Amino acid sequence: MTYSKQRLREITELKREAVRRIQTDIGEIHPSPSRKYIQEFSEEFDTFESVCQPEEILRGILKANLVWVGDYHALAASQMLVVELLKTVSQRKANIAVAVEPVFARSQESLDRWMSGKISEQEFLERIRYHDEWGCEWTGYKAIFETARELRVPVYGVDCHPRNDMRSIGRRDLGVARRIARLMQENPTQTLIVVFGESHLASNHLPARVRAILGRKGIAPRDLVLLQNVDALYWKLQESGLVEARAVRVHEGCYCVFNATPIEKYESFRQYLNKCIEEDSSGDWSLLAQTLLEVMTEFLAIKKNESVVDHMPVIDGIQVSTAAEEFARRIHQACRGELEKRIERAAQDEFFVKVIENGLGYFCSKLLDSSRDGIESLAERVLSQIGRDDRLTRAIELLVDPGKRPRVQHFAALRSAVEAKAGKQKTMRMLSQLLGYALGRRLYTAYLQSRISRKDIQALFNDPLNTPNRPLECYRELHML
């Protein structure tokens, strides 16, 4: 599928702007000048060889005996990848172990006692001074430990002091490398999965020190590096039109997977810093809401309506796609003058207003998170709710399929079904969501291919849809794009 380079740049710039605003706030909270160590990581991983499939990465991991996994400490999705990796690899490979950064090597006895159930979780955290020494959200790391326990996978602490002094980072890496090398020497047949901060995984950082130590012993590790959500690689994918890619081969023996957007990545760090300052674990998502609302209204050239701000839903977590969807729906309601009180319409017209509203919400969520999908699974649930109705089922399948263009009879079948099933609110709500999401996906593709413009989207937001049959007519017109 060919996309307009200009449109790809526009959407990428939209995301970059959201990230810049979050980073500006981070800089005000936690000014941290760029260091050579961080720069070396960024410079090494600034391009990739090709997009790849998860199966290729798994094959590489199964051949390796030392797997480095880059961890972005504040992002829960980063630790959940390790959880899934342990589950997958343990099914295909015996004798694996995991080494983690949050626990010092000197605290191994406490870790062993907790893993074996001899001390409580609270006592373990107190013994290793987790919240003082580490401080990042415990939930993600707890999931790693609990998964390892269930799978009977040994866990080792490998970190050492000085943990928070960039001037002594080399000394710290050397201590960690010695611990990792010792673990590999003690069990040569074991595959060690090391979960460590991403910046430590540049080839001349931790991996080089481990190779040097093992090399002096005549041991050549078969290692593989698995990074997550590297900024430069994400932006290159977006600008190249490879917006659906979930993994890339950086070079031989090195891969990067994408399970979060840069917005989510940096917002997680902003939340971490805010909690450190305010000592409040509940989180404040108002800044994220403000950022998303501002960049969306600016991109769409729609004047920010203060009533939209007043009626914004409360965000509770880093859910960029769902938050953007809800914000866009509220903006659409405000543009129609229906944010506080909806216009009375016939049931059929109200249904198709909901479809268009959901479509604009999905479109805007795709702008900020190109990985947004889930339409096919929703379609299965909707069709199971509707039951056997060949005409309606065929119409829905065509309306959802991005490669098909439905005909007049399919819209007629849908209209008849809406009239007949008006009383089935749950079914109609799910159907309007499904058709809206499919419409939003069509709009997103049409925008990337320059078949519609920002002015067209702006006009759609501002269409009042307040005359009989206009909502269905608008919906049908959009399918002709």
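This table checks each residue for (1) surrounded by 21 or more Cβ atoms within 10 Å (Cβ to Cβ); (2) closer than 19 Å to MET184 by Cβ; (3) touching a strand residue (DSSP E or B) at 6+ places or on another chain (Cβ under 8 Å).
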| residue | (1), (2), (3) |
| --- | --- |
| GLU56 | no, no, yes |
| ARG59 | no, no, no |
| LEU66 | yes, yes, yes |
| ASP71 | yes, no, yes |
| GLN79 | yes, no, yes |
| VAL83 | no, no, no |
| THR88 | no, no, no |
| GLN91 | no, no, no |
| VAL98 | yes, yes, yes |
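Restricted to the range 112-132, and to residues there that are farther than 21 Å from LEU151 by Cβ and among the acidic types (Asp, Glu), the residue that is surrounded by the fewest Cβ atoms within 10 Å (Cβ to Cβ) is ASP132.
Pairing each residue of the range 454-480 that is closer than 13 Å to LYS354 by Cα with any residue that is assigned to a helix (DSSP H, G or I) and among the charged types (D, E, K, R), provided the two are 6+ apart or on different chains, yields C-beta distances under 7 Å for PRO471/ASP349; LEU472/ARG415. Here is the figure for the range 451-481: residues that are open to solvent by 80 Å² or more (accessible area, probe 1.4 Å), of a type in the set (S, T, N, Q) and not in a loop (DSSP other than H, G, I, E, B) total 0.
Checking each residue in the range 1-20 for being touching a residue at least 12 places away in the same chain (Cβ under 8 Å), open to solvent by 60 Å² or more (accessible area, probe 1.4 Å) and within 28 Å of GLN271 (Cβ to Cβ) picks out only ARG16. Counting the residues of the range 215-230 that are touching a residue at least 60 places away in the same chain (Cβ under 8 Å) and either open to solvent by 40 Å² or more (accessible area, probe 1.4 Å) or assigned to a helix (DSSP H, G or I) (or both) gives 2. Restricting attention to the range 400-422, which residues are in contact with an Asp or Glu (Cβ under 9 Å, 6 or more places away or on another chain) and open to solvent by 80 Å² or more (accessible area, probe 1.4 Å)? Residue satisfying the conditions is LYS404 alone. Inspection of the range 236-249 finds a residue satisfying the criterion of being over 20 Å from SER42 (Cα atoms), aliphatic (A, V, I, L, M), open to solvent by 60 Å² or more (accessible area, probe 1.4 Å) and within 30 Å of the chain's Cα centre (by Cα). Looking across the range 335-347, just one residue is touching a residue at least 24 places away in the same chain (Cβ under 8 Å) and either touching a Pro at 6+ places or on another chain (Cβ under 6 Å) or open to solvent by less than 20 Å² (accessible area, probe 1.4 Å) (or both), and that is ARG336. Quick one: is THR47 polar (S, T, N, Q), surrounded by fewer than 19 Cβ atoms within 10 Å (Cβ to Cβ) and either in contact with a Gly (Cβ under 8 Å, 6 or more places away or on another chain) or over 26 Å from GLU239 (Cβ atoms) (or both)? Against the criterion (polar (S, T, N, Q), surrounded by fewer than 19 Cβ atoms within 10 Å (Cβ to Cβ) and either in contact with a Gly (Cβ under 8 Å, 6 or more places away or on another chain) or over 26 Å from GLU239 (Cβ atoms) (or both)), THR47 does not qualify. No other residue among ALA438, ALA395 is in a helix (DSSP H, G or I), touching a Gly at 6+ places or on another chain (Cβ under 9 Å), closer than 24 Å to ALA346 by Cα and among the hydrophobic types (A, V, I, L, M, F, W, C) apart from ALA438.
Selection within the range 440-450: residues that are of a type in the set (Gly, Ala, Ser) and touching a residue at least 40 places away in the same chain (Cβ under 8 Å). The member of this set that is least open to solvent (accessible area, probe 1.4 Å) is GLY440.
Report whether or not ALA212 is crowded, with 20+ Cβ neighbours inside 10 Å and of a type in the set (Gly, Ala, Ser). Criteria not met by ALA212.
Yes/no per residue for (1) open to solvent by less than 40 Å² (accessible area, probe 1.4 Å); (2) touching a strand residue (DSSP E or B) at 6+ places or on another chain (Cβ under 9 Å); (3) in a helix (DSSP H, G or I):
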position: THR139; (1), (2), (3): no, no, yes
position: PHE145; (1), (2), (3): yes, yes, yes
position: ALA148; (1), (2), (3): yes, yes, yes
position: ILE169; (1), (2), (3): yes, no, yes
position: ARG182; (1), (2), (3): no, no, yes
position: PRO188; (1), (2), (3): no, no, no
position: VAL195; (1), (2), (3): yes, yes, no
position: HIS200; (1), (2), (3): yes, yes, yes
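When GLU267, GLU252 are checked against the criterion of being open to solvent by 50 Å² or more (accessible area, probe 1.4 Å) and of a type in the set (D, E, K, R), GLU252 stands alone in meeting it.
For GLU376, the conditions (1) farther than 30 Å from GLU13 by Cα; (2) among the acidic types (Asp, Glu); (3) exposed (fewer than 14 other Cβ atoms within 10 Å of the Cβ) are fulfilled apart from (1).
Against the condition modelled with pLDDT of 95 or more, within 21 Å of VAL230 (Cβ to Cβ), assigned to a helix (DSSP H, G or I) and among the small types (Gly, Ala, Ser), how does GLY70 come out, does it pass? It is false that GLY70 is modelled with pLDDT of 95 or more, within 21 Å of VAL230 (Cβ to Cβ), assigned to a helix (DSSP H, G or I) and among the small types (Gly, Ala, Ser).
Cβ-Cβ contacts under 8 Å between residues 6 or more apart (or on different chains), taken from a first residue in the range 177-189 that is under 13 Å from ARG209 (Cβ atoms) to a second residue that is among the hydroxyl-bearing types (Ser, Thr, Tyr), are listed as ARG179/TYR156.
Of all the listed residues (ILE119, ILE169, ILE180), the sole one being at negative phi, in contact with a helix residue (DSSP H, G or I) (Cβ under 7 Å, 6 or more places away or on another chain), at pLDDT below 95 and among the β-branched types (Val, Ile, Thr) is ILE169. Restricting attention to the range 21-44 and to residues that are among the basic types (Lys, Arg) and open to solvent by 70 Å² or more (accessible area, probe 1.4 Å), the residue that is modelled with the lowest pLDDT turns out to be ARG35.
The values are calculated or read from the model by the stated rules, or taken from the named source; none is laboratory data. Since the structure is predicted, the reported quantities are computational estimates derived from the model, not experimental observations. With ideal geometry, Cβ positions are generated from the backbone for all residues, glycine too; neighbour counts draw on all protein chains shown. Protein only, heavy atoms only, side chains kept; ligands, DNA and RNA dropped before computing areas. Shrake-Rupley method; radii C 1.70, N 1.55, O 1.52, S 1.80 Å.
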